[in-house]
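**Q** Let me begin by handing over the structure; questions about it come next.
The values are calculated or read from the model by the stated rules, or taken from the named source; none is laboratory data. The structure displayed is predicted, hence computed values, not measured ones. All Cβ positions, glycine included, derive from the backbone under ideal geometry; neighbour counts span all protein chains shown. Just the protein is used for accessible areas: all its heavy atoms, side chains included, with ligands, DNA and RNA removed. Shrake-Rupley method; radii C 1.70, N 1.55, O 1.52, S 1.80 Å.
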Amino acid sequence: MNSSMAVSVCIFIFSVFISSVSQIILKKGAGKQYESRLKEYMNPYVLSAYFIFFFSSLITVYSYKKVPLSAGPVIEASGYIFVSVLGRVLLKEKISRRRLAGLFMIVLGIVIVFLGG
């Protein structure tokens, strides 16, 4: 992997991370009660999360200039790890042994794909 592709992979991972942050923001907003349907969808949590999703999409598109198309889904899988860790840290969610085993398999798959070729 050359240096410009490595930088693009890091940018892609950053994009996945901020997308995961926006998922946590949406989940946090979903736990609140709102007076009307309009306020349920037009509140700071939802609006900021969708803005972050949009920003993340732009970063991902930019990253695909150097990142091979076949590596994209592998990098996107790191989002499961980010969401689980952020959910544990920010929302105090439990990580079951089954989920931990799944996360380990995801990490193992990412390592195999990037070290294997």
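**Q** Using the Cα centre of the chain as the reference point, and only Cβ charges (+1 on K/R, -1 on D/E), how large is the resulting charge dipole? Debye, rounded to the nearest 20. Write down the numbers at each step before the final one.
**A** On the way: 13 positive and 4 negative charges, 78 e Å.
In total the dipole reaches around 380 debye.
**Q** Once phi is turned into ³J(HN,Hα) by the Karplus curve 6.51 cos²θ - 1.76 cosθ + 1.60 with θ = phi - 60°, what whole-Hz value does each residue of the stretch 51-63 show in order, with x for glycine and proline?
**A** Couplings: 5, 5, 4, 4, 4, 4, 4, 5, 5, 4, 4, 4, 5 Hz.
**Q** Going by alpha carbons, how many degrees (0 to 90, nearest 10) lie between the helix axis of 97-116 and the longest principal axis of the chain?
**A** The two axes meet at around 40 degrees.
**Q** How far apart, in nanometres, would the label points at M42 and K28 be if each is projected 7 angstrom from Cα along the Cα-to-Cβ direction?
**A** 2.3 nm
**Q** If you fit an axis through the alpha-carbon atoms of helix 78-91 and take the longest principal axis of the Cα set of the chain, what angle between them do you get, 0 to 90°, nearest 10?
**A** Result, in degrees: 40.
**Q** So, one more: Taking the square root of 5 times each eigenvalue of the Cα gyration tensor, what semi-axes in Å does the equivalent ellipsoid of the stretch 1-81 have, largest first?
**A** One finds semi-axes of 32, 11, 8 Å for the stretch 1-81.
**Q** I've got another one for you. Rounded, prolate or oblate: pick one for the stretch 76-115, where a ≥ b ≥ c are the square roots of the eigenvalues of its C-alpha gyration tensor, a/c under 1.5 means rounded, and failing that, prolate if a/b is larger than b/c, else oblate.
**A** Oblate is the answer for the stretch 76-115, as a/c is 1.5 or above yet b/c matches or exceeds a/b.
**Q** Of G116, S78, Y62, which is farthest towards the positive pole of the chain's charge dipole, taken about the Cα centre with +1 and -1 on the beta-carbons of Lys, Arg and Asp, Glu respectively?
**A** S78
**Q** On to the next question. Only Lys, Arg, Asp and Glu count, each charged at its Cβ (+1, +1, -1, -1), so figure out the dipole size of the stretch 37-99 about its Cα centre, rounded to 20 debye. Mind dumping the intermediate values first?
**A** On the way: 10 positive and 3 negative charges, 63 e Å.
So the dipole magnitude of the stretch 37-99 works out to roughly 300 debye.
**Q** Right, something else. Accessible area per residue, 1.4 Å probe, Å², for the chain: what's the number?
**A** Computed with neighbouring chains in place, this is 70 Å² per residue.
**Q** Give me the percent relative contact order of the chain, please, defined on Cα pairs under 8 angstrom at least 6 residues apart. Spell out each step's value before the answer.
**A** Details: 81 pairs, mean separation 41.4, N = 117.
Relative contact order, the chain: 35 percent.
**Q** Ignoring ligands, DNA and RNA, please state the percent of accessible area on the stretch 1-72 from carbon and sulfur, probe 1.4 Å.
**A** Values: 3290 of 4820 Å².
Of the solvent-accessible surface of the stretch 1-72, carbon and sulfur hold 68 percent.
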